[in-house]
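Below is one structure, written out as structure tokens; comments come after it.
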Amino acid sequence: ALRYALTTMMPETADSDWSWREFQARVNGELADNLGNFVARCLRFTDRFLEGTIPAQAKLSQQDTTILASADSAADEIAEHFRAFRFRMACQRLMAFSNECNKYFDEEQPWVTRKSDLDRCKQTIRVCTELIRTLAILCAPIMPGTSRDLLQALGLNDEPCWDDAGGQKLSPEPIQIEPLPVLFPKIEDTVIEDELAKLQSLAASKMGDEAGGGAAAASSR
């Protein structure tokens, strides 16, 4: 989370300032509510309603094809941002793609099709896990630990290869998922307030030292 936040705030073409409030907003609003939310929704649904097993690969719908094509586009665009040292834009594109994944999950409504069309429900989850695999690869340069956790949850233990992003690269057979803790715990206001209080205390101490130094110099004169 810290690596991600620093990447989104780092100076690239102009000066940049660190802010604890900004850090909290990045973690809570982007990592927890966007990327982490999509992964949790998919894997928890799989664990609860599909006995923790990713369904076998089946025929794609138009919606499936569209979102998988978006994964290909995201991989290409993020790679180009990295090559041009546009790290902030790489993060923005990663979050935009994650938002598309959440939208796909919402529109496909697997909690509804679980009762009305189980095959469709299973295929939705299958596509979602492919999207998680792609997200794991795309976030690897910035969040390598998160990338490893996501891939291991899908039974993948090899180092991610960028060229594997997008498409359908998981085994076509059913896959048992591994338990995954909360990826990005939200940062409470009290934590930020404590950090701000520390900064204020340090600033006050520095001012006191400077004032004391000035007084000592005047006394010696």
Quiz item: So which residues in segment 44-78 are among the small types (G, A, S), within 24 Å of D163 (Cβ to Cβ) and surrounded by fewer than 16 Cβ atoms within 10 Å (Cβ to Cβ)?
Solution: A69, S73
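Yes or no, residue by residue, for (1) touching a Phe, Trp or Tyr at 6+ places or on another chain (Cβ under 8 Å); (2) outside any helix (DSSP H, G or I); (3) not aromatic (F, W, Y):
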| residue | (1), (2), (3) |
| --- | --- |
| F23 | no, no, no |
| V39 | no, no, yes |
| L43 | no, no, yes |
| A56 | no, yes, yes |
| L68 | no, no, yes |
| A71 | yes, no, yes |
Exercise. Select, from A14, A1, the only residue that is under 30 Å from K198 (Cβ atoms), loosely packed, with under 15 Cβ neighbours inside 10 Å and at pLDDT below 95.
Key: A14
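Can you tell me how many residues in segment 135-167 are among the polar types (S, T, N, Q) and open to solvent by 60 Å² or more (accessible area, probe 1.4 Å)? Explain how you work it out, then say what you get.
The first filter runs over segment 135-167 and keeps only residues among the polar types (S, T, N, Q), leaving 146-147, 152, 157.
The next check asks that each one be open to solvent by 60 Å² or more (accessible area, probe 1.4 Å); those that pass are 152, 157.
Here the count works out to 2.
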Quiz prompt | Total residues in segment 95-119, condition open to solvent by 70 Å² or more (accessible area, probe 1.4 Å), more than 24 Å from A5 (Cβ to Cβ) and either touching a residue at least 40 places away in the same chain (Cβ under 8 Å) or of a type in the set (F, W, Y) (or both) | solution = 4
Self-check item: Close pairs from segment 144-166: first on the phi > 0 side of the Ramachandran plot, partner part of a helix (DSSP H, G or I) and of a type in the set (S, T, N, Q), Cβ under 9 Å, at least 6 apart
Solution: G166/S70; G166/S73; G166/T134
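The values are calculated or read from the model by the stated rules, or taken from the named source; none is laboratory data. These numbers come from a predicted model, not from an experiment. Note: ideal-geometry Cβ built from the backbone for every residue, glycine included; neighbour counts use all protein chains shown. Note: accessible area is taken over every heavy atom of the protein model, side chains too, but ligands, DNA and RNA are not part of it. Shrake-Rupley method; radii C 1.70, N 1.55, O 1.52, S 1.80 Å.
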